[in-house]
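The structure under discussion appears below in the form of structure tokens.
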Amino acid sequence: MYVAVKGGEKAIAAAHEQLSRARRGDRAFAELELAQIREQLALAVARVMSEASLYDAELAALAIKQSRGDLIEAIFLARAYRTTLPRFGESLPIATERMTIKRRISACFKDMPGGQVLGPTFDYTHRLLGEMGKAADEENVASKPGVPASCKMPGVAHLESLASDATASCPRVAKLLGNEALIEEPPSPSHARPGDITREPLGFPAERDVRLQSLARGDEGFLLGLAYSTQRGFGRTHPFAGEIRFGNVEVEFEAPELGFSVPLGEIEVTECDMVNQFRGSANAPPQFTRGYGLVFGQSERKAMSMALVDRALRARELGEEITAPAQDEEFVLSHSDNVQATGFVEHLKLPHYVDFQAELFLLRQLRREWEERHAAVTATQQPSREAAE
Amino acid sequence: MSILVVANATEFAAAEAALGPLPGFRHLRRPETGLLMLRGRIGGEGTKFNIGEATVTRCHIVTESGTEGAAYHLGRDLGKAEKAALFEALTREPAWRDKVEAALLAPVKARVDEERRTKASETAATRVEFFTMVRGEDPR
């Protein structure tokens, strides 16, 4: 517990002044523009949008700038801003099967219908610092706007037709095994209103829709650690990356005053369908089960971690023994929100003077009592020792 | 409306410059920004769940000749919402329909299509064919 303190106004104002100067840095260098952050630090922007649970790239860029690149602080700022806006309603569910694909891979099927496209990925790069590729050469980009040189190479003349394939609707990989019932179907659509943790506080046991909403805004690092723990044997789920796709999906909204659905523009999302081994139970035959991840922007690590943790949290539903942290929904969901976590950890910095004085008083009293008891014991032992001698 | 959603400030300005003064209008709902809860489906096709919110801006106007126009788009651009609502109304006024089509909708559509084609061919260039190698067998 901390209690209100008075004073310090001047020092606080001066500290904020200093923060503002520190944020600006050396004025010999140009100030960052929001568009530069949005365009060139797109993955930081994606993380802020995802964990702030607010899709708005400009706002996320502003939050990153204001927080000096402290992403959890940026997420906090975006969450706080969100509370100032009214809610107009809920979108129709986004149709990820109609995604304009920018990347789509499967670790299960090398020849999946629709093909695999790598898109903008760090995979297969050599991780050599300073090596940013030809596109980093501005002259090169400026002289050849649009189609990269590789598209015009001889022998890849069929790229035009491939280009139209890439945007065609790609069937889900999970469907390939669906016919043999070797892979579970997702829970069938219902008309029930999904739970919303921004409206009703999280309760336990939590349904899967609520768990997914909570995981979608969960801290990437925390979920990554939990996902990793399941791979190392703490609630093992034997996962395969069934399909990961990243691209644009249209957002549609049924505006009450218009009476029909309207397109609002596109958002970027990353989706991960994790396929997991399952031995079967008394009620279910052996088949592959699935974990699902869906996050704003390009964030494969987060989408994969989310899918792994989603699957681990289905232990109760699938009749698996709950032995590991990643399977414990109360543990996972209560600690995955980094705004809550940082609030409670960092509040320890705030004045706890009265609290500490009370502890100090108690400790002094306990110490006094202990010393008195100790002295008494020593006093009773001493005469008997003398007698023995 | 799907084209007006992707039109940018430069394109609205260019259309206005080409069309001359636009008809007067009044607001039925002033431009305002709020939130929309975005939904997904478990496994992409199952039960609905809430992913997170997005900022959305809307505006509702009526032109002096009585045509209503509405706009809804992602983001917080109040000016764009008002312009989009006005142009949306004009696409339903016979005197304006063709002019708006030529000065605004057609160029925006051409730009978006071109961007899509470029992106699609960039993406297609990263299409990959993996081959499975046979392991541990000595060539004879």
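Remarks
- In the set A:Val309, A:Val332, A:Val339, only one residue is part of a helix (DSSP H, G or I), touching a Ser or Thr at 6+ places or on another chain (Cβ under 8 Å) and among the β-branched types (Val, Ile, Thr); that residue is A:Val309.
- Of the residues making up the range A:256-305, those that are away from chain B (no Cβ under 12 Å), touching a strand residue (DSSP E or B) at 6+ places or on another chain (Cβ under 8 Å) and in a loop (DSSP other than H, G, I, E, B) are A:Gln277, A:Phe278, A:Gln287, A:Gln298, A:Ser299.
- Counted residues, the range A:252-274 - those being under 27 Å from A:Gln231 (Cβ atoms) and more than 20 Å from the chain's Cα centre (by Cα): 0
- Among residues of the range B:29-63, those that are at pLDDT below 95 and among the acidic types (Asp, Glu), counted: 1
- Conditions (1) closer than 24 Å to A:Thr83 by Cα; (2) without any contact (Cβ under 8 Å) to a residue 40 or more places away in the chain; (3) of a type outside the set (Ser, Thr, Tyr); (4) surrounded by fewer than 20 Cβ atoms within 10 Å (Cβ to Cβ); number of the one not met by B:Val62: (1)
- Members of the range B:35-57 that are among the small types (Gly, Ala, Ser) and part of a strand (DSSP E or B): B:Gly40, B:Gly52, B:Ala54
- For the range A:278-285, the criterion of being surrounded by 14 or more Cβ atoms within 10 Å (Cβ to Cβ), closer than 14 Å to A:Thr237 by Cβ, of a type outside the set (Gly, Ala, Ser) and touching a helix residue (DSSP H, G or I) at 6+ places or on another chain (Cβ under 9 Å) is met by no residue.
- Taking the criterion of being surrounded by fewer than 16 Cβ atoms within 10 Å (Cβ to Cβ) and assigned to a helix (DSSP H, G or I), the residues of the range B:76-98 that qualify are B:Leu78, B:Gly79, B:Pro94, B:Ala95, B:Arg97, B:Asp98.
- Residues in the range A:306-346 that are of a type in the set (Lys, Arg) and away from chain B (no Cβ under 14 Å): A:Arg316 alone.
- Of all residues in the range A:55-68, at least one satisfies being of a type outside the set (A, V, I, L, M, F, W, C), touching a helix residue (DSSP H, G or I) at 6+ places or on another chain (Cβ under 9 Å), crowded, with 23+ Cβ neighbours inside 10 Å and not assigned by TED's automatic domain parsing to the domain that holds A:Gly297.
- All of (1) under 16 Å from the mean Cα position of the chain (by Cα); (2) more than 7 Å from chain A (Cβ to nearest Cβ) hold for B:Glu32 with one exception: (1).
The values are calculated or read from the model by the stated rules, or taken from the named source; none is laboratory data. Just so we're clear, the structure is a prediction, and the values are computed from it rather than from any experiment. All Cβ positions, even for glycine, are placed from backbone atoms using ideal geometry, and neighbour counts span all protein chains on display.
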